[in-house]
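Visitor: This is the structure, below, for whatever I ask next.
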Amino acid sequence: MSASQRLNGLTYHLRTFGCQMSFHDSERIAGMLESLGALPVSGAEQAELVVFMTCCVREKADERLLGQVASLKNLPQPGLAPRIIAVGGCIGQRDGARLIEQLPHIDIVFGTHNLAALPDLVQAVLAGEGHQVELLACECQPATSLPSRRSQAWHAWLPIMTGCNNFCSYCIVPYVRGREKSRPFPDIMAELERLLAEGVVEVTLLGQNVNSYGRDLYGQPRFADLLVAVGQSGLARLRFTTSHPKDLSPQSIEAFAHTAAVMPHLHLPVQSGSNRVLAAMNRHYSVEHYLGLVHELRAACAMSGKGANTPALSTDIIVGFPGETEADFEATCQLVQEVGYSQAFTFIYSKRQGTPAAKVVDATPAVVIQDRFERLVTLVQQSAWQANQGELGQTVEVLVEGTSKRDANMLTGRSPKNQTVHAPAPAGVDSERLCGRILKVQVTEARTWYLRGELV
Ligand code: SAH
Ligand code: SF4
């Protein structure tokens, strides 16, 4: 019996942890399983197959996975056969068969390169062949060739590259996702065409280090060329993530500023505001270089007329990297104030076995790190609040994403700068029908994490 016959009618439940890449991998898993007839269910109780798509960037994600898998053990089985449990993604790739030794009720472990193998692995378990582990990098069927089931009709993630070559000293990603591999330009453009035909209005180009797109494939086209080409396709809104400051080229800055569809928001993770820590992190740029990029971006956007105070900048920051001193931390705080981030994702350093930073002994007490973390969070909130004040009285174009959880009459969506915006829905209009539409909102209230206004 083929995988498609076996999977037809099988109920499955998918849980995802981690970054956008992991969420997009899950869209491919869902698309593939459903193309073979499997049926999604919202809870593990009714599911004959439970798939975990995992993340191992920080320790918390490990703990969460183990807790959730363990809790499935005593859940009554959904039908005649025992429930199949599959663990994929970064933890699957990192731990392989060790996961099954730890939790023997896991049936399948598959790695970051083996999404397409899942139906055959499920079939093998159904056929009574026991535990299945598939981790080897295989060229047979790349994940990008699988159908994708998008969670929103109007937005799509579009992977342009996988893996990472940067080996930041704290980070496990290059070990579990492998080396940088750019997706051929024509493939990306063909998928974009399909997305546009399906009515997608916003696309986020996805990769661990999008600025180095094309480096492994050919000299040209590179990321700047891709931005221009996608920007000319008729797409309304283009975003991308993640950018590494060391690879943000002058050409990309120009393309960013002059391509109308590129939204005026850039996620440019700085990680630390101390040159000493940046060097120990193996980031290959200095604070001065980073601030220079911020200056060039703002100058280019001012020239191109992209809008006042653009681009909005967001960042990732790690607190408590081994050896971080109070002076290093204060330098980070100073940088946050200088840049004026609209948002920052702050993380307490998490030791990842196998990375160079894990070998460094650090005696900084956890309470000191926690205190720094809380001070940084306060600073980030002030910065976000300040950045939002500039929007008061402005009219912003909002891509409607749905209605507020608390109030079905309140539309919610995103501004070009990626701020959350709420506005009352027009009377007598079905709010759901406005999802995916771009509406003008005049901003009357600016809070730390959202703007509020009236439809124009
Ligand atoms: N490739 C992207 C993001 C990768 S992971 C980039 O370089 O920007 C997302 C974020 O997790 C990183 O930016 C970093 O801030 C954080 N991170 C990665 N490893 C970490 C670790 N060991 N401890 C704490 N935070 C970590
Ligand atoms: Fe990790 Fe650095 Fe690569 Fe980002 S660029 S995935 S932080 S190694």
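The values are calculated or read from the model by the stated rules, or taken from the named source; none is laboratory data. Keep in mind that what you see is a predicted model, and the values were worked out from it rather than measured. Neighbour counts are summed over all protein chains in view; Cβ atoms, including those assigned to glycine, are modelled from backbone coordinates with ideal geometry. All accessible areas refer to the heavy atoms of the entire protein, side chains included, with ligands and DNA or RNA removed. Shrake-Rupley method; radii C 1.70, N 1.55, O 1.52, S 1.80 Å.
Visitor: Could you provide, to the nearest whole Å², the per residue accessible area of the stretch 334-412 with probe 1.4 Å?
Guide: Details: 4480 Å² over 79 residues.
Each residue of the stretch 334-412 exposes 57 Å² on average to a 1.4 Å probe.
Visitor: Using a 1.4 angstrom probe, figure out how much accessible area the stretch 46-104 has per residue, in square angstrom, rounded to the nearest whole.
Guide: On the way: 2800 Å² over 59 residues.
Per-residue value: 48 Å².
Visitor: Give the long-range amide H neighbours of residue 132: residues separated by 5 or more places, or on another chain, with amide H under 5 Å away, using H modelled in the peptide plane at 1.01 Å from N.
Guide: 108, 109
Visitor: Continuing with the same structure: Against the longest alpha carbon principal axis of the chain, how many degrees, from 0 to 90 and to the nearest 10, is the axis of helix 185-197 turned?
Guide: Approximately 90 degrees, to the nearest 10.
Visitor: What whole-number value in Å² describes the accessible area per residue of the stretch 233-317 for a 1.4 Å probe? Show your work: numbers first, answer last.
Guide: Values: 3000 Å² over 85 residues.
Per-residue value: 35 Å².
Visitor: Sticking with this structure for a sec: Quick one: pull the percent of accessible area on the stretch 112-187 belonging to carbon and sulfur, 1.4 Å probe, ligands and nucleic acids left out. Can you show the working numbers first?
Guide: On the way: 1920 of 3440 Å².
Carbon and sulfur together cover 56 percent of it.
Visitor: On to the next question. Taking amide H atoms as placed 1.01 Å from N in the peptide plane, list the residues 5 or more away in sequence, or in a different chain, whose amide H sits under 5 Å from that of residue 402.
Guide: Those qualifying (amide H under 5 Å, at least 5 residues apart or on another chain) are 412.
Visitor: Roughly how tilted is helix 366-389, in degrees to the nearest 10 and between 0 and 90, from the longest Cα axis of the chain?
Guide: It is inclined by approximately 60 degrees.
Visitor: How much of the accessible area of the stretch 364-456, in percent, comes from carbon and sulfur atoms when a 1.4 Å probe is used? Could the numbers behind the result be given before it?
Guide: Values: 2490 of 5120 Å².
Looking at the stretch 364-456 in its full context, I get 49 percent from C and S.
Visitor: Next question. Which aspartates and glutamates have a Cα less than 15 Å from the Cα of residue 306, not counting those fewer than 8 places away in the same chain?
Guide: Partners within reach: 254, 296, 391, 397.
Visitor: While we're here: Over the stretch 302-456, what is the mean sequence separation of C-alpha contacts under 8 Å (at least six apart), divided by residue count, expressed as relative contact order in percent? Write out the running numbers ahead of the final one.
Guide: Working: 256 pairs, mean separation 30.6, N = 155.
Worked out over the stretch 302-456, it gives 20 percent.
Visitor: Just add up the charged neighbours of residue 297: K/R +1, D/E -1, any other residue whose Cβ is under 11 Å from the Cβ of residue 297.
Guide: Values: positive: 298, 306; negative: 254, 296.
For residues surrounding residue 297, the net value is 0.
Visitor: Carbon and sulfur together cover what percent of the accessible area of the stretch 229-356 at a 1.4 Å probe radius? Mind dumping the intermediate values first?
Guide: Details: 2610 of 4830 Å².
Percent of accessible area from carbon and sulfur atoms in the stretch 229-356: 54.
Visitor: Taking amide H positions as placed 1.01 Å from N in the peptide plane, with prolines and chain starts having none, which residues 5 or more places from residue 321, or on another chain, fall under 5 Å of its amide H?
Guide: So residue 321 has HN proximity to 349.
Visitor: Compute the helix-to-body angle for 287-304: its Cα long axis versus the longest principal axis of the chain, expressed 0 to 90° and rounded to tens.
Guide: Roughly 70 degrees between the two axes.
Visitor: Something else now. Residue by residue through the stretch 35-46, what is 3J(HN,Hα) from phi via Karplus (6.51 cos²θ - 1.76 cosθ + 1.60, θ = phi - 60°)? Round to whole Hz and write x for glycine and proline.
Guide: Running phi through 6.51 cos²θ - 1.76 cosθ + 1.60 with θ = phi - 60° gives 5, 9, x, 5, 10, x, 10, 7, x, 5, 4, 8 Hz.
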